[in-house]
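Colleague: Before I ask anything, let me first share the structure, which is written out below as structure tokens.
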Amino acid sequence: MEIKRVMVVGAGQMGAGIAQVCAQSGLKVQLNDNNAVALERGMQTIQKLLDRSVLKKRITEQEKLETLQRLSVSETLQDASKANLIIEAVIENMEVKTNIFRQLDVIAPADAILASNTSSLPITEIAAVTDRPEQVIGMHFMNPVPVMKLVEIIRGLQTSDQTYQIIEDMAKKLSKTPIAVNDFPGFVSNRILMPMINEAIYTLYEGIASVEDIDTSMKLGMNHPMGPLTLADFIGLDTCLYIMEVLHEGFADSKYRPCPLLRQYVKAGWLGKKSGKGFYVYN
Ligand code: CAA
């Protein structure tokens, strides 16, 4: 099966980015959200990024218009009846995700693939609420989606080889580099990234260095594009804490215990860039 029509469920930063890259690579895409305001905001973000790409001469005005023509909006999951791939990118909450997958399983064509952009929830558990677990898979994009090349493709316990192959081919069509990952907590990227960020927060908590110096250490010492504390603010401190908890609980290993300072910041509502304050202050 060749993927031609995609629905992206969830018009937040990740969903809008996924819809954009799919439309730019020639696929018909519906961006779905039950919140009209979020949908409008998602479409505006795509429009702005495409305008910038025209300005930077990465694409032509004609290519931008063609991309926008391939994109449509949808406020009901019923529209999934026309898609052969549905990529879910809603909040990291198992109940919300399984509720969507249950509905999609009924609405989507029998041969459609259901993918989740989850950064840490088990694909096997999401797949188990459907009658097509062999057609359920993880497709974890990185933020910002239009810029980052990696897609983790996560095989649930029951994901078929055929589903894996279709999604791997599709990720390549999006000009992304796929990696094959088995379904264990944090997959690969967050299993490695989050303990590093957590350790950077411990370094601050223990008074070993300042926020700026910790970031400088990794930027100039290891050539990371962002220091770990800047990156934590960029990802969202609530998300970082959530993923650390998934690792801690999933492996029952104290090496993944979240730093108390991270917990305290999240309790204070200091969530990073999106809330205006985290390790840095944002205007
Ligand atoms: N959406 C689309 N494009 C964006 C963007 C966004 N949100 N932010 C930046 N860009 C583009 C810019 O438009 C710019 O391109 P042009 O100037 O050619 O148009 C290019 O990226 C570089 O941006 P900047 O010059 O503004 O800044 P920069 O050089 O510092 O790059 C960055 C920004 C790409 C975000 C870079 O800092 C970076 O790679 N940071 C690390 C990002 C990272 O690690 N992401 C993974 C997060 S973890 C995750 O996603 C998984 C998870 O589950 C938590």
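Colleague: What strands (runs of 3 or more DSSP E), lying completely within the stretch 112-158, carry at least 1 residues that are among the hydroxyl-bearing types (Ser, Thr, Tyr) and either touching a residue at least 12 places away in the same chain (Cβ under 8 Å) or open to solvent by less than 50 Å² (accessible area, probe 1.4 Å) (or both)?
Modeller: Details: elements: 113-116, 136-141, 150-155.
Result: 113-116.
Colleague: Now, a different point. Return the residues of the stretch 216-255 that are within 11 Å of the ligand (Cβ to nearest atom) and among the aromatic types (Phe, Trp, Tyr); say none if nothing qualifies.
Modeller: Once the filter is applied, which keeps residues that are within 11 Å of the ligand (Cβ to nearest atom) and among the aromatic types (Phe, Trp, Tyr), the stretch 216-255 yields 234, 242.
Colleague: Any residue in the stretch 258-272 that is touching a residue at least 60 places away in the same chain (Cβ under 8 Å), touching a His at 6+ places or on another chain (Cβ under 9 Å) and either of a type in the set (Phe, Trp, Tyr) or outside any loop (DSSP other than H, G, I, E, B) (or both)?
Modeller: Applying the first criterion (touching a residue at least 60 places away in the same chain (Cβ under 8 Å)) to the stretch 258-272 yields 258-259, 261-262.
Pick out the ones that are also touching a His at 6+ places or on another chain (Cβ under 9 Å) and you get 258.
So of that shortlist, the ones also either of a type in the set (Phe, Trp, Tyr) or outside any loop (DSSP other than H, G, I, E, B) (or both) come out as none.
Checking the stretch 258-272: not a single residue is touching a residue at least 60 places away in the same chain (Cβ under 8 Å), touching a His at 6+ places or on another chain (Cβ under 9 Å) and either of a type in the set (Phe, Trp, Tyr) or outside any loop (DSSP other than H, G, I, E, B) (or both).
Colleague: What tally of residues in the stretch 52-67 results from selecting those that are within 16 Å of the ligand (Cβ to nearest atom) and open to solvent by less than 80 Å² (accessible area, probe 1.4 Å)?
Modeller: So the count comes out to 6.
Colleague: Restrict the check to the stretch 62-81 and report whether at least one residue is in contact with a strand residue (DSSP E or B) (Cβ under 6 Å, 6 or more places away or on another chain), in contact (Cβ under 8 Å) with a residue 12 or more places away in the chain and among the basic types (Lys, Arg).
Modeller: Going through the stretch 62-81, the residues in contact with a strand residue (DSSP E or B) (Cβ under 6 Å, 6 or more places away or on another chain) turn out to be 70-74, 79-80.
When the remaining residues are screened for being in contact (Cβ under 8 Å) with a residue 12 or more places away in the chain, the result is 70-74, 79-80.
Narrowing the set further to residues that are among the basic types (Lys, Arg) leaves 70.
There is at least one residue in the stretch 62-81 that is in contact with a strand residue (DSSP E or B) (Cβ under 6 Å, 6 or more places away or on another chain), in contact (Cβ under 8 Å) with a residue 12 or more places away in the chain and among the basic types (Lys, Arg).
Colleague: Looking at the structure I just gave you, is residue 168 charged (D, E, K, R), buried (at least 20 other Cβ atoms within 10 Å of the Cβ) and either part of a helix (DSSP H, G or I) or within 16 Å of the ligand (Cβ to nearest atom) (or both)?
Modeller: Working: charged (D, E, K, R): yes; buried (at least 20 other Cβ atoms within 10 Å of the Cβ): no; either part of a helix (DSSP H, G or I) or within 16 Å of the ligand (Cβ to nearest atom) (or both): yes.
The answer is no for residue 168.
Colleague: Let me ask you something else. Quick one: count up the residues across the stretch 273-283 that are open to solvent by less than 80 Å² (accessible area, probe 1.4 Å) and not in a loop (DSSP other than H, G, I, E, B). Talk me through it step by step, then tell me what you get.
Modeller: Filtering the stretch 273-283 down to residues open to solvent by less than 80 Å² (accessible area, probe 1.4 Å) leaves 275-280, 282.
Pick out the ones that are also not in a loop (DSSP other than H, G, I, E, B) and you get 275, 277.
Of the residues in that region, 2 qualify.
Colleague: Related question: What pairs come up if the first residue lies in the stretch 177-199 and is free of Cβ contacts under 8 Å to residues at least 60 places away in the same chain, the second is aromatic (Phe, Trp, Tyr) and within 13 Å of the ligand (Cβ to nearest atom), and their beta carbons are under 7 Å apart, counting only those six or more places apart or on different chains?
Modeller: The qualifying pairs are 181/187.
Colleague: If I ask for residues that are farther than 19 Å from residue 148 by Cβ, part of a loop (DSSP other than H, G, I, E, B) and out of contact with any Gly (no Cβ under 7 Å at 6 or more places or on another chain), which ones from the stretch 185-222 would you list? Even if it seems obvious, please write down each step before you answer.
Modeller: The first filter runs over the stretch 185-222 and keeps only residues farther than 19 Å from residue 148 by Cβ, leaving 185, 195, 198-217, 220-221.
Okay, now just the ones that are also part of a loop (DSSP other than H, G, I, E, B), so 185, 206-210.
If the condition is that a residue be farther than 19 Å from residue 148 by Cβ, part of a loop (DSSP other than H, G, I, E, B) and out of contact with any Gly (no Cβ under 7 Å at 6 or more places or on another chain), then 206, 207, 208, 209, 210 are the ones that fit.
Colleague: Scan the stretch 146-157 and tell me whether some residue there is at pLDDT 95 or above, over 19 Å from residue 15 (Cα atoms) and of a type outside the set (Lys, Arg). Show your work before the answer.
Modeller: At the first step, the residues of the stretch 146-157 found to be at pLDDT 95 or above are 146-157.
Adding the requirement that they be over 19 Å from residue 15 (Cα atoms) leaves 155-157.
So of that shortlist, the ones also of a type outside the set (Lys, Arg) come out as 156-157.
Checking the stretch 146-157: at least one residue is at pLDDT 95 or above, over 19 Å from residue 15 (Cα atoms) and of a type outside the set (Lys, Arg).
Colleague: Report, by residue number, each residue of the stretch 1-24 that is assigned to a loop (DSSP other than H, G, I, E, B), within 16 Å of the ligand (Cβ to nearest atom) and open to solvent by 30 Å² or more (accessible area, probe 1.4 Å).
Modeller: Here is the first cut: in the stretch 1-24, the residues assigned to a loop (DSSP other than H, G, I, E, B) are 1-4, 10-12.
Among the residues that remain, those that are also within 16 Å of the ligand (Cβ to nearest atom) are: 10-12.
The one that is assigned to a loop (DSSP other than H, G, I, E, B), within 16 Å of the ligand (Cβ to nearest atom) and open to solvent by 30 Å² or more (accessible area, probe 1.4 Å): 12.
Colleague: Looking only at the stretch 94-105, decide whether some residue is among the acidic types (Asp, Glu), more than 11 Å from the ligand (Cβ to nearest atom) and closer than 21 Å to residue 183 by Cα. Walk me through how you get there before you give the answer.
Modeller: So the first thing to find is which residues in the stretch 94-105 are among the acidic types (Asp, Glu), and the list is 95, 105.
Among the residues that remain, those that are also more than 11 Å from the ligand (Cβ to nearest atom) are: 95, 105.
From what's left, closer than 21 Å to residue 183 by Cα: 95, 105.
Yes, because at least one residue in the stretch 94-105 is among the acidic types (Asp, Glu), more than 11 Å from the ligand (Cβ to nearest atom) and closer than 21 Å to residue 183 by Cα.
Colleague: Could you tell me whether the stretch 87-97 includes any residue that is out of contact with any helix residue (DSSP H, G or I) (no Cβ under 6 Å at 6 or more places or on another chain), in a helix (DSSP H, G or I) and among the polar types (S, T, N, Q)?
Modeller: No, there is no match, as no residue in the stretch 87-97 is out of contact with any helix residue (DSSP H, G or I) (no Cβ under 6 Å at 6 or more places or on another chain), in a helix (DSSP H, G or I) and among the polar types (S, T, N, Q).
Colleague: Taking residue 41 as the residue in question, decide whether it is at pLDDT 95 or above and more than 20 Å from the chain's Cα centre (by Cα).
Modeller: Criteria not met by residue 41.
The values are calculated or read from the model by the stated rules, or taken from the named source; none is laboratory data. The model shown is predicted, which means the values in this text are computed figures rather than measured ones. Positions of Cβ are backbone-derived with ideal geometry, glycine not excepted, and every protein chain shown enters the neighbour counts. The accessibility values were calculated without ligands, DNA or RNA, using every heavy atom of the protein model including side chains. Shrake-Rupley method; radii C 1.70, N 1.55, O 1.52, S 1.80 Å.
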